[in-house]
Amino acid sequence: MNAAFNKACRARRQRLKPAFDAPIAARLKPRPLESQRSRSVLVVLTLLGLALSTSSQAQQVSLQAIVSPSSVIVKAGQPVRFALHGFIEFNSLAEMFPYIDSQARRWPDSGLTDGERQRLARELLRRGIESRVVSMADERPLEALLTHTRDELRQAIAQLEEPVPPGYGDAFLEVREKWKGAVNCWSASSSLPGRVLSNWYPIAEGIQLYGATYDSTEHFWQAVKYHPDVTLAQLTQLLGLLEQRTWDPWLAPLDADPKVYLPNAYAVEFLRRNLAPERLRWFREELGRHGLQPSDRARAAQQRGDTPFRFSAFDEKVLWGDLADLFHLIYGFSVSDDPIRKGLAERHFDGIYLGERKLAFISEEFRSLMLEIWKVKYLQMARFGDVIRSIPLEIRLEHFLNDGDSPDIPIPIYVGYLNQIRQMARAQRQRP
């Protein structure tokens, strides 16, 4: 992180205000079309067809149902929920409207201008609609949106008899424009390239990164958040310290200031969820369910040993990753004289330790590791290089997971790296 950011962090700790990075919204500009246009268009249509494929047993959802605020999408008898900030969930868009209104009015004496409140409401509306459409549980909403024209979408919204907030139609149009030529690269994508480009994609032969072998790039990304010497016993001890504390007073200053909360909303909601007593208890119980010994080291346990895939990519994210993120975020958001900060520093959750380097958890230097490990996966492992090169440049590579924007590498940065590594892989193929 640069010197100005570090200075801001120090000032935040003195004022009980975090100074983590605000989300970076810049994305790569579109690239020119390839010369072999006909081949590219064919591949585009193929990939979009894959992305829109749905189970033959699932009943289609109409466009009118997608845009109707009160409609609840149901799959297997259960509502398909969507979220803002990853953790604040809703069954319908109408259910989300009061929450958006409450956020726009949340800080009456904060100095936010009317224009800033209106922009906040519009941004939350667009993100909520995107979370509703680009669902992690059901592809039918996206299918309905992309298999209808802009005019048909406008007509469906014009036919609504329910009240909608300002900008409702524009938000749907923006989401459609974004996803009509994009692939969501995640582990459950109906697009084969989308699945392969996920960090969760299992690598049968393993991947060599920084002197160790991992089952996937996700395994490395989460394992490296633990110092090589940290043991299971020490993690359990830290969880015990967290369980002894009442966290609402600690969270209150993060909620109270929009200049703190708004740039870090996902991180604050992540902390709120994972500091709940039942969640802390869950972490402790899970650490004891995998045949690990108290003396086992957390990072080594996630590396490939005699048995491949000891932990799934899901385990890596939900157990190891969330637990490490919890410790790192508590350290970052705590004031300097908070006793919990000292205990976390003693267990090396004051940074990321990689060889001789120590990287700040919220830093460009740590985030750039993602690009470095992708250079191994896509530039040194031929089979993955072939996959990422096969996706034409007119298809944007995206990553959207229920409006969750992980603090260690915000989604816009992740997406920028993903498109950058594709450019690098294509340039590698073109070299004589």
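Worth pointing out:
- The set of residues in the stretch 326-357 that are within 12 Å of P228 (Cα to Cα) and either hydrophobic (A, V, I, L, M, F, W, C) or not in a loop (DSSP other than H, G, I, E, B) (or both) comprises F349, I352, Y353, L354.
- Flag for S55 being more than 23 Å from A265 (Cα to Cα), assigned to a loop (DSSP other than H, G, I, E, B), at pLDDT 95 or above and among the small types (G, A, S): no
- Hits in the stretch 224-266 - residues which are in contact with a His (Cβ under 9 Å, 6 or more places away or on another chain) and either farther than 24 Å from Q293 by Cα or among the polar types (S, T, N, Q) (or both): A265, Y266
- Check on E316, touching a Ser or Thr at 6+ places or on another chain (Cβ under 9 Å) and either assigned to a helix (DSSP H, G or I) or basic (K, R) (or both): yes
- Residue match in the stretch 89-108 (condition: in the same structural domain as T147 (by TED's automatic domain parsing), of a type in the set (K, R) and surrounded by fewer than 18 Cβ atoms within 10 Å (Cβ to Cβ)): yes
- Matching entry among H399, H328 (being at pLDDT 95 or above, under 16 Å from the mean Cα position of the chain (by Cα) and of a type outside the set (K, R)): H399
- Only listed residue being part of a helix (DSSP H, G or I) and surrounded by 13 or more Cβ atoms within 10 Å (Cβ to Cβ), chosen from L112, L160, L142: L142
- Residue check for F314: surrounded by fewer than 15 Cβ atoms within 10 Å (Cβ to Cβ) and assigned by TED's automatic domain parsing to the domain that holds P253: yes
- Contacts under 9 angstrom Cβ, first residue in the stretch 241-269 being closer than 20 Å to D403 by Cβ, partner among the hydroxyl-bearing types (S, T, Y) and crowded, with 16+ Cβ neighbours inside 10 Å, 6 or more apart: L254/Y261; D255/Y261; Y266/S406; A267/S406; V268/Y261
- Note on the stretch 154-175: among residues that are touching a residue at least 60 places away in the same chain (Cβ under 8 Å) and among the aliphatic types (A, V, I, L, M), the one that is farthest from A313 (Cα to Cα) is L160.
- Those residues of the stretch 362-412 which are more than 22 Å from S189 (Cα to Cα) and in contact with a Ser or Thr (Cβ under 9 Å, 6 or more places away or on another chain), in sequence order: V376
- Selection status of D386, outside the structural domain of G128 (by TED's automatic domain parsing), of a type in the set (D, E, K, R) and touching an Asp or Glu at 6+ places or on another chain (Cβ under 7 Å): no
- Restricting the stretch 353-379 to residues that are in contact (Cβ under 8 Å) with a residue 60 or more places away in the chain and under 13 Å from Q420 (Cβ atoms), the residue that is surrounded by the fewest Cβ atoms within 10 Å (Cβ to Cβ): M370
- Test set (1) in contact with a helix residue (DSSP H, G or I) (Cβ under 6 Å, 6 or more places away or on another chain); (2) touching a residue at least 60 places away in the same chain (Cβ under 8 Å); (3) of a type in the set (S, T, N, Q) - S62 fails condition number: (1)
- Taken together, the criteria exclude A233 from residues that are over 30 Å from T307 (Cβ atoms), exposed (fewer than 15 other Cβ atoms within 10 Å of the Cβ) and among the aliphatic types (A, V, I, L, M).
- Residues that are in contact (Cβ under 8 Å) with a residue 24 or more places away in the chain and in a helix (DSSP H, G or I), drawn from the stretch 380-405: F384, G385, V387, I388, R389
- Check on L120, in the same structural domain as P165 (by TED's automatic domain parsing), outside any loop (DSSP other than H, G, I, E, B) and under 22 Å from the mean Cα position of the chain (by Cα): yes
- Taken as a whole, the structure places A233 among residues that are within 25 Å of R297 (Cβ to Cβ) and out of contact with any Leu (no Cβ under 8 Å at 6 or more places or on another chain).
- For S131, the requirement of being in a loop (DSSP other than H, G, I, E, B), in contact (Cβ under 8 Å) with a residue 12 or more places away in the chain and of a type in the set (G, A, S) is not met.
- Residues that are under 27 Å from R119 (Cα atoms), touching a Phe, Trp or Tyr at 6+ places or on another chain (Cβ under 9 Å) and among the small types (G, A, S) within the stretch 235-278 comprise A256, A267, listed in sequence order.
- Of the helices (runs of 4 or more DSSP H) that lie entirely inside the stretch 176-289, those containing 2 or more residues that are out of contact with any strand residue (DSSP E or B) (no Cβ under 8 Å at 6 or more places or on another chain) and farther than 19 Å from E316 by Cβ span 232-243, 248-256, 258-261, 265-274, 277-287.
The values are calculated or read from the model by the stated rules, or taken from the named source; none is laboratory data. Quick caveat: nothing in here was measured; it's all calculated off a predicted structure. Reconstructed Cβ throughout: ideal geometry from the backbone, glycine too, with neighbour counts over all protein chains shown.
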